[in-house]
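Asker: Have a look at this one before I ask anything.
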Amino acid sequence: MAKVLIATEKPFAPVAVKGIRKIVEEAGFELNLLEKYTEKSQLLTAIADVDAVIIRSDKIDAEVLDAAKNLKIVVRAGAGYDNVDCEAAKAHNVCVMNTPGQNSNAVAELCMGLIIYGLRNFYNGASGRELAGKKVGILAYGYIGKLVAKYCKAFGCEVYAYHPRRTDEQIKADGVIPTHSQEELFEKCDIVSVHTPSRPENKGCVNYACMSKIREKGIILNTARKEVFNEEDLIKVMNERTDIKYITDIQPACHEKMVAEFEGRYYATPKKMGAQTAEANINAGLAAANQIVKFIKNGDETFRVN
Ligand code: 3PG
């Protein structure tokens, strides 16, 4: 009987675990659960004899893969799989998948909340600004970016996007205005929402050259990954442009410094909250379970990323 492990430092909502269990057990497999673990050794033990694992931002590196003698598939219930060593997985003959789009709405809704939180000065009582009529830029126009664009348009914003691999026609089809560089996007917008995935080629790509160009009283929003920002440049821009705010769902390495130096212009959620809704957990968790069943039973490799 195939064994499936859910290994989540940050657990799914119980209703999602229940749904995953149903899919796994109806397929005739066994489900094991490792939640809120604090030591890597706990993961090494739990993964030792399983055929499949469902994870979130949990790290799957060569050591974990070495310990997982029967492992055939890792499914990252979510979009970004920068936490999985895909090359090492390939070398261990382990298939890696993600569940693209399944938790996008949760992240996009958080973006809307954070944008308004920023415009209203973090609810400090001072007179703020409204979202209607603002120019909003979407950096990386994927599943989440598209939804943020749609919601901002509903608020009465003019929405711009930059995506290196989308044509102007594809972007225009959604009533969004294409731009042709990161710099142009920041230059045209009051608010820029960053959705760039963390890949080696994107490391530090949100830099001084673009951030320094955002319009007056701009808000830069990061619900993607800290690695895509050049933190030295971020601090430089925050020092030079005392009119702008930086809001993030992922605390940067320089978090303490940002808190100390940019009071009233910097906000970070205490923990990454973007995909932390019951709905997103159900969508991504159940998709992950279904992908595992299809892979083990039929060899279906749809959504393989390595
Ligand atoms: C993702 O890449 O899907 C999001 O960043 C969510 O990550 P999480 O599952 O760790 O909340």
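Asker: Has segment 261-279 got at least one residue that is in a helix (DSSP H, G or I), over 30 Å from residue 210 (Cα atoms) and either open to solvent by 60 Å² or more (accessible area, probe 1.4 Å) or within 16 Å of the ligand (Cβ to nearest atom) (or both)?
Answerer: The answer is yes; a qualifying residue exists.
This table checks each residue for (1) part of a helix (DSSP H, G or I); (2) surrounded by fewer than 16 Cβ atoms within 10 Å (Cβ to Cβ); (3) not basic (Lys, Arg).
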{"site": "1", "(1), (2), (3)": "no, yes, yes"}
{"site": "20", "(1), (2), (3)": "yes, no, yes"}
{"site": "24", "(1), (2), (3)": "yes, no, yes"}
{"site": "90", "(1), (2), (3)": "yes, yes, no"}
{"site": "96", "(1), (2), (3)": "no, no, yes"}
{"site": "101", "(1), (2), (3)": "no, no, yes"}
{"site": "110", "(1), (2), (3)": "yes, no, yes"}
{"site": "113", "(1), (2), (3)": "yes, yes, yes"}
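Asker: Next question. Residues that are more than 9 Å from the ligand (Cβ to nearest atom), outside any strand (DSSP E or B), open to solvent by 20 Å² or more (accessible area, probe 1.4 Å) and not charged (D, E, K, R): does segment 75-85 have at least one?
Answerer: Here is the first cut: in segment 75-85, the ones more than 9 Å from the ligand (Cβ to nearest atom) are 75, 84-85.
Among the residues that remain, those that are also outside any strand (DSSP E or B) are: 85.
From what is left, the residues that are open to solvent by 20 Å² or more (accessible area, probe 1.4 Å) are 85.
In the following step, the residues that additionally are not charged (D, E, K, R) were identified as none.
No, every residue in segment 75-85 fails to be more than 9 Å from the ligand (Cβ to nearest atom), outside any strand (DSSP E or B), open to solvent by 20 Å² or more (accessible area, probe 1.4 Å) and not charged (D, E, K, R).
Asker: Looking at residue 66, is it open to solvent by 20 Å² or more (accessible area, probe 1.4 Å), under 25 Å from residue 201 (Cα atoms) and either of a type in the set (Asp, Glu) or over 25 Å from the mean Cα position of the chain (by Cα) (or both)?
Answerer: no
Asker: Given (1) closer than 28 Å to residue 234 by Cβ; (2) within 16 Å of the ligand (Cβ to nearest atom), identify the lone condition not met by residue 289.
Answerer: Only one criterion is unmet by residue 289, namely (1).
Asker: Tally time: how many residues in segment 213-236 are over 20 Å from the mean Cα position of the chain (by Cα), surrounded by fewer than 22 Cβ atoms within 10 Å (Cβ to Cβ) and free of Cβ contacts under 8 Å to residues at least 60 places away in the same chain?
Answerer: To start, the set of residues in segment 213-236 that are over 20 Å from the mean Cα position of the chain (by Cα) comprises 213-218, 232-233, 235-236.
Checking which are surrounded by fewer than 22 Cβ atoms within 10 Å (Cβ to Cβ) leaves us with 213, 215-217, 232-233, 235-236.
Restricting the remaining residues to those that are free of Cβ contacts under 8 Å to residues at least 60 places away in the same chain gives 213, 216, 232-233, 235-236.
Going through segment 213-236 one residue at a time, the tally reaches 6.
Asker: Residue under question is residue 149, and the condition is that it be of a type in the set (A, V, I, L, M, F, W, C), open to solvent by 10 Å² or more (accessible area, probe 1.4 Å), at pLDDT 95 or above and not in a strand (DSSP E or B); does it hold?
Answerer: The answer is no for residue 149.
Asker: Please determine, by comparing only the residues of segment 280-294 that are surrounded by fewer than 22 Cβ atoms within 10 Å (Cβ to Cβ) and not polar (S, T, N, Q), which one is nearest to the chain's Cα centre (by Cα).
Answerer: Result: 282.
Asker: Output the number of residues of segment 52-63 satisfying the condition of being of a type outside the set (Asp, Glu), away from the ligand (no atom under 16 Å from the Cβ) and surrounded by fewer than 23 Cβ atoms within 10 Å (Cβ to Cβ).
Answerer: Of the residues in segment 52-63, 1 are of a type outside the set (Asp, Glu), away from the ligand (no atom under 16 Å from the Cβ) and surrounded by fewer than 23 Cβ atoms within 10 Å (Cβ to Cβ).
Asker: On to the next question. Specify which of the listed residues (242, 302) is surrounded by fewer than 19 Cβ atoms within 10 Å (Cβ to Cβ), within 17 Å of residue 80 (Cα to Cα), modelled with pLDDT of 95 or more and hydroxyl-bearing (Ser, Thr, Tyr). Break it down into steps so the answer makes sense when it comes.
Answerer: Values: 242 fails: within 17 Å of residue 80 (Cα to Cα).
Step by step, each of 242, 302 is checked, and only 302 is surrounded by fewer than 19 Cβ atoms within 10 Å (Cβ to Cβ), within 17 Å of residue 80 (Cα to Cα), modelled with pLDDT of 95 or more and hydroxyl-bearing (Ser, Thr, Tyr).
Asker: Could you tell me which of the residues 250, 220 is of a type in the set (A, V, I, L, M) and either in contact with a Gly (Cβ under 7 Å, 6 or more places away or on another chain) or more than 20 Å from residue 160 (Cα to Cα) (or both)?
Answerer: Working: 220 fails: either in contact with a Gly (Cβ under 7 Å, 6 or more places away or on another chain) or more than 20 Å from residue 160 (Cα to Cα) (or both).
On inspection, the qualifying residue turns out to be 250.
The values are calculated or read from the model by the stated rules, or taken from the named source; none is laboratory data. No experiment lies behind these values; they were computed from the predicted model shown. Cβ coordinates were reconstructed from backbone atoms using ideal geometry, including for glycine residues, and neighbour counts include every protein chain displayed. With ligands, DNA and RNA removed, areas are computed over all heavy atoms of the protein, side chains included. Shrake-Rupley method; radii C 1.70, N 1.55, O 1.52, S 1.80 Å.
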